[in-house]
1. Using 0.36 nm times the number of residues separating Arg144 and Lys5, minus their current alpha carbon distance, what extension gain do you get?
2. Could you compute the FRET efficiency for Asp58 and Val24, with r as their C-beta to C-beta distance and R0 at 35 Å, rounded to 0.05?
3. Mind giving me the nanometre distance, one decimal, between the label points for Trp135 and Cys93, set 7 Å out from Cα along Cα→Cβ?
4. Quick one: length gained pulling Arg166 to Tyr14 fully straight, 0.36 nm per residue minus the C-alpha distance?
5. Report the calculated FRET efficiency for Thr45 and Ala65 (r = Cβ-Cβ distance, R0 = 35 Å), to the nearest 0.05.
6. Counting other Cβ atoms within 10 Å of each Cβ, which trypsin sites (Lys or Arg not before Pro) in segment 102-142 have at most 15 and sit in a DSSP loop?
Amino acid sequence: MSERKKTLTINEIYHSIQGESTWVGRPCVFVRLAFCNLRCNYCDTEYAFYEGKKRTLDEILEAVATFGCPLVEITGGEPLLQKNVLPLMTMLCDSRYTVLLETSGAHDVSKVDPRVYRIMDLKTPGSGEVGKNLWSNIDHLTLRDEVKFVMGTREDYEWACEKVRRYGLASRCHAVLYLWPDRSAPDCGMDSGGQTQCAVSTSDAQIHLEPSATWCLKDVRKSRTSFRGPGLTHGSAEAPPSIISQDR
């Protein structure tokens, strides 16, 4: 069977505005694969656990092309559960798309095409799935990749800070992102997977910092450490590993 005739079970393919990561605000085609082996307690895409239709890689490429958008994100569910996602990502890269992969980090990322930007979601204790993290994945991360932590409690925040320091994620990755699950955030027309880096109210133009951002700011004040741009870069070894991002 040729690569293009291989199949994936697809939940949906649609065009929206990227609502997460350092790619936030950019038009993006989302290819959502079905199935996930995790059951995070804040998940808002449970419909992707079982619902999907088999489509050939050729059909998926054709569907993506109809949107005329150069940025594509492969998401789920958990995309890496389906092995044929690997040749799909390679084909997209060969077609000169910029490809993002949103993955839980519970599956081996080493076989992903090196041209793909991997956004790995390390599961915090509050997710209920912390035991599924595949820590060996960190060895395969590069300065193209991003790591995110979805936090529901102060315990999750402290846990995430410890992991950033232990594994040197601030220097290993392009960005480390702290997110807060917020189903009450207003619909701003962006796809953020039900998680916000900050909740923006379009009605009164107010920006409400998520709790994790408040904790980061407090830690910065305590350490009296300066941060410098672009984005936020560590000023000293004592600085809290907060949201770290460089302009692309």
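Laboratory data are not the source of any read-out in this text; all were calculated from the coordinates shown. Quick caveat, the model's predicted, so the values are computed rather than measured. Positions of Cβ are backbone-derived with ideal geometry, glycine not excepted, and every protein chain shown enters the neighbour counts.
1. Details: separation 139, 0.36 × 139 = 50.04 nm, distance 3.00 nm.
The Arg144-Lys5 span can extend by a further 47.0 nm.
2. On the way: r = 31 Å, r/R0 = 0.88.
Using R0 = 35 Å, I get an efficiency of 0.70.
3. 2.8
4. Numbers: separation 152, 0.36 × 152 = 54.72 nm, distance 3.78 nm.
Length difference between fully extended and current span is 50.9 nm.
5. On the way: r = 24 Å, r/R0 = 0.70.
Efficiency computed from Cβ-Cβ geometry: 0.90.
6. On the way: sites: Lys111, Arg115, Arg118, Lys123, Lys132; in loops: Lys111, Arg115, Lys123.
Loop-located and lightly packed - Lys111, Arg115.
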